[in-house]
Amino acid sequence: MIRIELNVDLKYEIDSQGADFVFNIHAAHTPSQIITAENLVLNQPIEQQLHTDPFTGNRYLRLHAQPGELLLSYSASVELTHHFADPSTIPEVPVRNLPPEVMGYIYPSRYCQSDRLLKLAGNEFGHLWQGYSRVIAIRDWVKTHVAFTSNTSNSTTSAVDTLVEQVGVCRDFAHLMIALCRAVNIPARFATGTDYGADPVLGPPDFHAYVEVYLGNRWYIFDPSGTAIPMGLVRFGTGRDAADVAFASIFGNVISGPPVIHAVAVEDASRGMVLPHHCSEALSTDSGQQLQ
């Protein structure tokens, strides 16, 4: 089991009209991700609404902030139980056998234009064995053809843009990998968390985008940017692409400060808690046969 102590601090300056916010920074509730304690603190005495999506476990905090400074601090203790599997035993699931709730993840979406990458994906990956190893080939192709470079993309950058520019951040790596998977009929979805284990040379800890791919009736974790340790990823949200699970959607005139994030793993052998580490097995925090 992995235990992560998580803390997220956000800061905003809001103009005289106030602003509406929708945050997706609460750790998701899933059978394999248990929140044993959590706390949310706001500096403004304002009403807040927290909604949990019954299908994904995504949790959305909605509030209207008053003019001036808004400070938000979220902390949580999260326990992750992973499923490990031999990659060579994991097949793809034919479209005809996909559960209805997974079907939406094989279609093109705003940032993952898989319909524009059909020829490329077919030429590069169409001849490969249809299983986990084909997804690894797609992940590695993205890592080879895109350079991780900070401040090289923006909120409108799509998978096709990243393919052309060949640079990006974790969000762009994820969109391109998802689009290529969908182009060969493999369901893939966008996931958000924090970049546990990232090299400090890349900058301070930050939010992180990664990929979950539906194989063998289970969602498996992939980190195409290669910057985090997948075993340490705490899931905030999953969706078709970044448009579904932005950590903050802002409606109003707001100046945003940089997020301050800490994710610390707890090691306690007596309680079965180990530190996140890279492994050769396929990794999932999905209980199987369902969306979560």
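Since every read-out is calculated from the coordinates, none of them should be taken as a lab result. Quantities reported herein were computed from a predicted structural model and do not represent experimental measurements. Cβ placement follows ideal geometry from the backbone for every residue including glycine, while neighbour counts extend to all protein chains displayed.
If the elastic network links every pair of Cα atoms under 10 Å, which of Ala37, Ala246, Ala183 fluctuates the most in the Gaussian network model of the chain?
Answer for the Gaussian network model of the chain: Ala37.
For segment 91-244, what number results from the quotient of the Cα radius of gyration and 2.2 N^0.38 Å?
Cα-based Rg divided by the globular estimate yields 0.96.
Once you have all Cα-Cα distances for the chain, histogram them in 10 Å bins from zero and send the whole-percent values.
6, 29, 35, 23, 7, 1
Per-residue HN-Hα couplings for segment 213-227, Karplus 6.51 cos²θ - 1.76 cosθ + 1.60 at θ = phi - 60°, whole Hz, x for Gly and Pro?
My calculation for segment 213-227 gives 10, 8, 9, x, 6, 7, 8, 9, 8, 9, 10, x, 6, x, 8 Hz in order.
If you take the beta carbon distance between Asn217 and Gln66 as r and set R0 to 45 Å, what does 1/(1 + (r/R0)^6) give as a FRET efficiency, to the nearest 0.05?
The formula returns an efficiency of 0.40 here.
Counting other C-beta atoms within 10 Å, which of Asp195, Asp15 has the fewest, and how do the rest follow?
Placing the least packed residue first, the sequence is Asp15, Asp195.
If you take the Cα atoms of segment 245-290, find Rg, then find the Kirkwood Rh from the mean of 1/r over all pairs, what is Rg/Rh?
A ratio of 1.15.
In segment 35-134, what chymotrypsin sites (Phe, Trp or Tyr not before Pro) fall in a loop by DSSP, with at most 16 other Cβ atoms inside 10 Å?
Hits after loop and neighbour filter: Phe55, Trp129.
Can you tell me the relative contact order of the chain? Whole percent, Cα pairs under 8 Å, sequence separation 6 or more.
29
Which order results if Glu79, Glu38 are arranged by neighbouring Cβ count within 10 Å, fewest first?
Ordered by Cβ neighbours within 10 Å, fewest first: Glu38, Glu79.
Stretch Leu202-Val22 to full length: gain in nm at 0.36 nm per residue minus the Cα-Cα span?
62.0 nm
Please list, ordered by chain and number, the residues whose modelled amide H lies under 5 Å from the amide H of Gly237; skip anything fewer than 5 residues away on the same chain.
Thr192
Return Thr89, Thr157, Thr152, Thr285 ranked ascending by Cβ neighbour count within 10 Å, so the fewest neighbours appear first.
Thr89, Thr152, Thr157, Thr285
For segment 203-210, take each phi angle, set θ = phi - 60°, evaluate the Karplus expression 6.51 cos²θ - 1.76 cosθ + 1.60, and give the result in whole Hz per residue in order, putting x for glycine and proline.
Computed from phi, the couplings for segment 203-210 are x, x, x, 8, 5, 9, 10, 9 Hz.
So for segment 203-292, what are the equivalent ellipsoid semi-axes in whole Å, largest first, each being the square root of 5 times an eigenvalue of the Cα gyration tensor?
Its equivalent ellipsoid spans semi-axes of 26, 20, 12 Å.
Roughly how many nanometres apart are two label points built 7 Å out from the Cα toward the Cβ at Glu47 and Met1?
3.8
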